[in-house]
């Protein structure tokens, strides 16, 4: 699934309000939930998690990003069911 937004992916805090926000390249569902990252509507997010559907979060305002994501390029943030080490 692709989640088109105004920012370049998922961050640890709102990048539009905090220039020190850190972007995740890959993130697992459980970390997103435990860190209370507001990626999308909670019900839609839970449905993706429960059905093993990864989410690619990207900035739709950058020309070509949607095409790049559909073609499999690793842009934005990938939210997946696999546990990811964030050290």
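The values are calculated or read from the model by the stated rules, or taken from the named source; none is laboratory data. Predicted model only: the values in this text are computed from it and were never measured. Neighbour counts run over all protein chains shown; Cβ positions are idealised from the backbone, glycine included.
If you go through the stretch 18-67 and pick out every residue that is under 15 Å from residue 5 (Cα atoms) and more than 15 Å from the chain's Cα centre (by Cα), you end up with 5. Pairing residues of the stretch 45-69 that are over 13 Å from residue 9 (Cβ atoms) with residues that are assigned to a helix (DSSP H, G or I) and modelled with pLDDT under 95, at Cβ distances under 7 Å and at least 6 apart in sequence or on separate chains, gives 49/29.
Of all residues in the stretch 9-44, those satisfying the criterion of being in contact (Cβ under 8 Å) with a residue 12 or more places away in the chain and out of contact with any helix residue (DSSP H, G or I) (no Cβ under 9 Å at 6 or more places or on another chain) are 9, 11, 12, 23, 25, 26, 27, 28, 31, 35.
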